[in-house]
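Working notes for the structure below.
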Amino acid sequence: MPELPDVEIFKRYLDATSLHQRIIGVDVRSAYVLKSVSARELARRLKGRCFKSSRRHGKHLFVRADGDLWLRLHFGMTGSLQYFKREEQAPKYVRVLFVFANNHRLAFEDQRKFGEIGLIEDVSEYLKKRALGRDALDIDLSQFRAIFRKHGGAVKTILLNQKLIAGIGNIYADEILFRARIHPATQVSALKQKTVAKIFRAARDVLKKAIEAKADMDRIPKSWLLPHRGKGGKCPRCGRELKSATIGGRTAWFCAHCQKRI
Ligand SMILES: [Zn+2]
């Protein structure tokens, strides 16, 4: 499921391929992913414009078209972007295709169709309406501390709550807590200031390094939890078998030896 690092990589990919080219057509192959906009309206409003810039917030990507119109993308469970020229290069599950004047296309691919595409006029207003928290790479330590002071529950649940901190999903929440050596079910009220700061630093470091690795599983260091996550996986630190538990409705993977429950 695309999380902050994946969406940041999609942003960079889109910036490198799809800006400043006139859009000559929008081909909607599955209107299911469209939110608050019809296929016809999406095509009508984008045709003749260019994408000018993009902005990421948490797991959301916003692409500005000239005339101050924003395309809103959310990648759901399996969404991604693919830029290509020839039809045979098209990915398998194209839901929406943006066709440019140079005959190249940008596909929004999404096998499971949990992704979303919409049009909005104002990004700040949209973020406010959705009550999204600050971006996980934009938040500072005092804001991070305030969130942990004001909210209760398991530490992992706090990290996953997009209304508090935007961008961290199931996989990276586990990685951050593995890095900070905190058991995911630890109650926030039991955490010392020092430990909250440790989680903050782990979050920044994990997200930044994942972006540097292009969110590519093959480039993620073997010392991370991620490559070992899953049944039979061993802790890269102590070699013991990893454990799993359902926390906040999601499966958490952790090392019961390295990550102490406070
Ligand atoms: Zn361990």
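The values are calculated or read from the model by the stated rules, or taken from the named source; none is laboratory data. Quick caveat: nothing in here was measured; it's all calculated off a predicted structure. Reconstructed Cβ throughout: ideal geometry from the backbone, glycine too, with neighbour counts over all protein chains shown. For accessibility, only protein heavy atoms count, side chains too; no ligands or nucleic acids. Shrake-Rupley method; radii C 1.70, N 1.55, O 1.52, S 1.80 Å.
Within segment 25-51, how many residues turn out to be open to solvent by 70 Å² or more (accessible area, probe 1.4 Å) and over 21 Å from Tyr93 (Cβ atoms)?
4
Working only within segment 52-64, note down all residues that are among the basic types (Lys, Arg) and either open to solvent by less than 60 Å² (accessible area, probe 1.4 Å) or not in a strand (DSSP E or B) (or both).
Scanning segment 52-64 gives Arg56, Lys59.
If I filter segment 49-89 down to residues being among the small types (Gly, Ala, Ser) and under 21 Å from Val33 (Cα atoms), which single residue comes out as nearest to the chain's Cα centre (by Cα)?
Among those that are among the small types (Gly, Ala, Ser) and under 21 Å from Val33 (Cα atoms), it is Gly58.
Within the set of pairs 6+ apart or on separate chains, which have a first residue in segment 180-200 that is closer than 14 Å to Ala146 by Cα, a second that is of a type in the set (S, T, N, Q) and not in a helix (DSSP H, G or I), and C-beta atoms under 9 Å apart?
Qualifying pairs under 9 Å: Thr195/Thr186.
Within segment 139-149, is there a residue that is acidic (Asp, Glu) and either touching a residue at least 12 places away in the same chain (Cβ under 8 Å) or in a helix (DSSP H, G or I) (or both)?
No: zero hits.
For segment 207-226, check the following and say yes or no: at least one residue is away from the ligand (no atom under 16 Å from the Cβ), open to solvent by 50 Å² or more (accessible area, probe 1.4 Å), part of a helix (DSSP H, G or I) and closer than 25 Å to His151 by Cβ.
Yes, segment 207-226 contains at least one residue that is away from the ligand (no atom under 16 Å from the Cβ), open to solvent by 50 Å² or more (accessible area, probe 1.4 Å), part of a helix (DSSP H, G or I) and closer than 25 Å to His151 by Cβ.
Does at least one position in segment 119-136 carry a residue that is out of contact with any Leu (no Cβ under 7 Å at 6 or more places or on another chain), among the aliphatic types (A, V, I, L, M), within 21 Å of His20 (Cα to Cα) and assigned to a helix (DSSP H, G or I)?
Yes, the conditions are met somewhere in segment 119-136.
Out of (1) open to solvent by less than 90 Å² (accessible area, probe 1.4 Å); (2) in contact (Cβ under 8 Å) with a residue 40 or more places away in the chain; (3) more than 24 Å from Thr78 (Cα to Cα); (4) within 16 Å of the ligand (Cβ to nearest atom), what's the single condition that is false for His257?
For His257, the failing item is (2).
Among the residues of segment 234-254, write down those that are part of a loop (DSSP other than H, G, I, E, B), within 11 Å of the ligand (Cβ to nearest atom) and open to solvent by less than 70 Å² (accessible area, probe 1.4 Å).
Answer for segment 234-254, where residues must be part of a loop (DSSP other than H, G, I, E, B), within 11 Å of the ligand (Cβ to nearest atom) and open to solvent by less than 70 Å² (accessible area, probe 1.4 Å): Cys235, Pro236, Cys238, Gly239, Leu242.
Restricting to segment 1-15, name every residue that is open to solvent by less than 40 Å² (accessible area, probe 1.4 Å) and within 8 Å of the chain's Cα centre (by Cα).
Once the filter is applied, which keeps residues that are open to solvent by less than 40 Å² (accessible area, probe 1.4 Å) and within 8 Å of the chain's Cα centre (by Cα), segment 1-15 yields Pro2, Glu3, Leu4, Pro5, Asp6, Val7, Glu8.
Those residues that are polar (S, T, N, Q) and over 16 Å from Gln259 (Cβ atoms), I need them from segment 150-169; list them, please.
Across segment 150-169, the qualifying residues are Asn161, Gln162.
Please pick out the residue among Arg22, Arg44, Arg40 that is in contact with a Cys (Cβ under 9 Å, 6 or more places away or on another chain), farther than 22 Å from Leu164 by Cα and among the basic types (Lys, Arg).
Checking each option against the conditions leaves just Arg22.
Exactly one condition in (1) open to solvent by less than 10 Å² (accessible area, probe 1.4 Å); (2) more than 27 Å from Arg12 (Cα to Cα); (3) of a type outside the set (A, V, I, L, M, F, W, C) is false for Tyr172; which is it?
Status for Tyr172: all satisfied but (2).
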